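What follows is one structure encoded as structure tokens, with my remarks underneath.
The values are calculated or read from the model by the stated rules, or taken from the named source; none is laboratory data. Nothing here was measured: the structure is a model prediction, and the numbers come from that model. Neighbour counts run over all protein chains shown; Cβ positions are idealised from the backbone, glycine included.
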Amino acid sequence: MANGRNNDEIKRLYQDYVAKELDRSRLLQEKDDFLKAYFAGWPLLGVLQFLPSLVLIVMIAVLVWIDPRILHHPEKISTPAMILTTREVFGEPPPVVIKRIVSRTGPTLVYQKHYEKHPITIIWIFSGG
Amino acid sequence: MIKPWKLCLLTMGMLIGLTVSAFPEDTTRIHVTILTASNFGSDFNLENDAFRDQLLNLFSYTSYNQTDKFFIDLPRAKRQSRTLPGGYEFILTLQNKESGRILVQAVIRKGGQQYVDTVLSILNPGVVFLGGPPVEKGVLILVLETGY
């Protein structure tokens with residue numbers, strides 16, 4: 001009987017102790033203090049900090065609504081881009097035609113340029129190749 | 001005594017013969033200008049001011065010096081050689097001439113090394129810039145002009 005009464009006493013003391021330790025208000029306060037010490041608080045603007053992102057999303061949505069093709073692959077071009085050849089730039093026939101070019105020292109470069117109605121042909125030899 | 005009309009005919013014949021021999025039909029004259037281009041300084045030593053603008057447009061060198069210029073008369077199928085600065089040899093050969101175009105072979109070589117061997121069909125008048133062989137403090141640029 002005495003042991004039973006002691007056990008109850010101990011049990012009651014233990015429950016009081018745990019109850020005090022798990023005091024909700026104190027626990028919540030300590031939790032908040034911990035979070036403030038180690039984590040950034042909620043910004044002053046709150047939800048408004050996401051406003052620029054929201055504006056961008058809305059703009060993209062508007063663009064897609066206006067022209068959905070921007071989300072699609074571009075259409076294939078059936079006619080390739082026109083590149084003016086020397087004949088078209090300088091007229092028939094080309095002013096200078098390179099029949100053959102050989103260099104033992106390195107690569108060569110040949111290009112023609114339209115300069116004030118007088119087409120000029122440049123042949124350049126790169127040495128050390 | 002030779003009769004006057006025979007003498008006149010003989011004189012005319014001689015004059016025509018001399019004219020034809022002085023300007024053979026298959027001879028082409030090419031004007032060659034030799035330039036040295038470099039990035040040392042900013043000198044423009046050119047007799048022909050028209051080259052200045054062309055060189056500025058075509059190349060990125062800062063200095064151009066004209067070292068020589070000459071005419072080369074090219075008879076058909078005969079090599080004409082000239083010495084260039086830096087010990088180079090420049091050889092031109094007229095291979096053909098027809099329909100307002102000339103077919104010319106241009107060779108630049110030094111010692112036993114051939115820098116370029118090219119065959120060009122040029123419409124008269126025409127301009128060709130041939131460049132790249134290195135010389136002291138720069139490179140050579142040859143300006144070939146035909147029909148001017």
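Points worth noting:
- Scanning segment B:58-103 for residues that are of a type outside the set (Val, Ile, Thr), under 30 Å from B:Phe40 (Cβ atoms) and without any contact (Cβ under 8 Å) to a residue 24 or more places away in the chain yields B:Ser60, B:Ser81, B:Glu89.
- The residues listed here are A:Pro107, A:Pro93; of these, the one that is modelled with pLDDT under 75 and within 11 Å of chain B (Cβ to nearest Cβ) is A:Pro93.
- Of the residues in segment A:74-83, not one is surrounded by 10 or more Cβ atoms within 10 Å (Cβ to Cβ) and modelled with pLDDT under 80.
- Subset of segment A:110-129 [at the interface with chain B (Cβ under 7 Å from one of its Cβ atoms) and either at pLDDT below 75 or within 15 Å of B:Val139 (Cβ to Cβ) (or both)]: A:Tyr115, A:His118, A:Ile122, A:Ile123, A:Trp124, A:Ile125, A:Phe126, A:Ser127
- Failed item, numbered, when A:Arg87 is tested on (1) among the charged types (D, E, K, R); (2) outside any helix (DSSP H, G or I); (3) at pLDDT below 65: (2)
- Residue within segment B:82-89 that is aromatic (Phe, Trp, Tyr), within 12 Å of chain A (Cβ to nearest Cβ), within 23 Å of A:His114 (Cα to Cα) and crowded, with 19+ Cβ neighbours inside 10 Å present: no
- Flag if B:Gln66 is more than 9 Å from chain A (Cβ to nearest Cβ), surrounded by 15 or more Cβ atoms within 10 Å (Cβ to Cβ), touching a strand residue (DSSP E or B) at 6+ places or on another chain (Cβ under 6 Å) and not aromatic (Phe, Trp, Tyr): yes
- Hits in segment B:104-148 (condition: without any contact (Cβ under 8 Å) to a residue 24 or more places away in the chain, more than 7 Å from chain A (Cβ to nearest Cβ) and assigned to a strand (DSSP E or B)): B:Gln105, B:Val107, B:Arg109
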